[in-house]
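A quick write-up on the structure given underneath.
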């Protein structure tokens, strides 16, 4: 009975050993085979991929080479055609331009040679009003008598007053008026050149320019204003409101002929005001204020060190306040103001309707208020504009029972008023800079005849009384 279990156990041991040996062999051989197969598959895949990529890249590169070669060929052809066309068009344009330029130059030169050549020579363009006299306008005109063909040459001096901006001109109505026009015949000369020559500059010009040069001479009348212009606004266009002087030379059969621009020449000049400095007159103004419920008054006195101040010179105002009243004075302000008066005499000799009589009465009262002249048989049209050009506000105060004496300095400069529309300025030539308009000084006996723009300045002192 004991022999059988022993044999069974031995058999089982042998089976287990065999199984383990077989299992070891299988586990060793199978992975090896699998790995070998995988290696073969990977190698085959890599080889196939390399072959495919090589073929594909070769095909793509060939196609790209063909496309690039075709694009380059097409681009070369297109550029060649375009450049050829452009060069042909440019050649045609240049040829046409040269032909047109030759024709235009021929026509212009022909016209210029057929038109009278006029040149005006003047020693200066600013003519000073010295109150007692005005510098005369003189110069020399150079012409070509061969091209005149029997026509005459005239020189005109004119003073024009434009009392409205150019953009206001509507329906053929221009807001301008010729205040003074005088015309002189220069060629054929009515007098000997020696009698018409008035200064050394004219003599030098006549000697330098030769026999085709002729002198001219004009004198200003006493009733003309100086060159003044109102400063336009930023949006204004066209000519501004101004008093302008002009010298014009032209040719024609008679002096009233229509002036051809190609046979004329214009030159703007200025009539400027000069005032000699006088230390004898010291401007002074004083006044007395009486307040309700105050026994004593307030006395204010304003004085200037001199009557004449030149452009760029500071204006010093002496203020004296004697406050004997019961009020306190504060916020004293001093300002310099420019008064511009636009004057024009309208030819209305018959006041046959109520509107004319009323209008004349209103203007007469205004002119009387400002102590300006007026006429009974003509309507004196005037516009007054008062503009502050400089000023200051101080914190000084004058309590009741005290006094103040102080000097205030003002600077009336155009640089501080560049954007002030309607400000009166000295007339300017072209685009050169100018100044605030000079005060108009007119003889008393001719004041009633002056038209245009009259300018004056005044210093104003203002203050606030408590209560």
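The values are calculated or read from the model by the stated rules, or taken from the named source; none is laboratory data. Everything numeric here is computed off the predicted structure, so don't read it as measured data. Here the Cβ is made from the backbone with ideal geometry for all residues, glycine too, and neighbour counts use every protein chain on show.
Which one is farthest from residue 141 (Cα to Cα), of the residues in the stretch 245-301 that are touching a residue at least 12 places away in the same chain (Cβ under 8 Å) and in a helix (DSSP H, G or I)?
262
Hey, among 82, 70, 55, 51, which residue is within 60 Å of the chain's Cα centre (by Cα), at pLDDT 90 or above and assigned to a helix (DSSP H, G or I)? Step through it out loud before you land on a result.
On the way: 70 fails: within 60 Å of the chain's Cα centre (by Cα); 55 fails: within 60 Å of the chain's Cα centre (by Cα); 51 fails: within 60 Å of the chain's Cα centre (by Cα).
When all the criteria are applied, what remains is 82.
Confirm whether residue 364 is within 23 Å of residue 245 (Cβ to Cβ) and either modelled with pLDDT under 80 or part of a helix (DSSP H, G or I) (or both).
no
Name the pairs: first residue in the stretch 135-156 and under 14 Å from residue 123 (Cα atoms), second residue part of a loop (DSSP other than H, G, I, E, B), Cβ to Cβ under 6 Å, at least 6 apart or on different chains?
136/219; 138/198; 139/122
In the stretch 287-307, how many residues are surrounded by 14 or more Cβ atoms within 10 Å (Cβ to Cβ) and within 30 Å of residue 272 (Cβ to Cβ)?
Residues in the stretch 287-307 being surrounded by 14 or more Cβ atoms within 10 Å (Cβ to Cβ) and within 30 Å of residue 272 (Cβ to Cβ): 5 in total.
Within the stretch 312-323, which residues are part of a loop (DSSP other than H, G, I, E, B) and in contact with a strand residue (DSSP E or B) (Cβ under 7 Å, 6 or more places away or on another chain)?
314, the sole residue that qualifies.
So residue 420 ticks every box in (1) surrounded by fewer than 13 Cβ atoms within 10 Å (Cβ to Cβ); (2) in contact (Cβ under 8 Å) with a residue 12 or more places away in the chain; (3) outside any strand (DSSP E or B) but one. Which box is left unticked?
Tallying (1) surrounded by fewer than 13 Cβ atoms within 10 Å (Cβ to Cβ); (2) in contact (Cβ under 8 Å) with a residue 12 or more places away in the chain; (3) outside any strand (DSSP E or B), residue 420 fails exactly one: (1).
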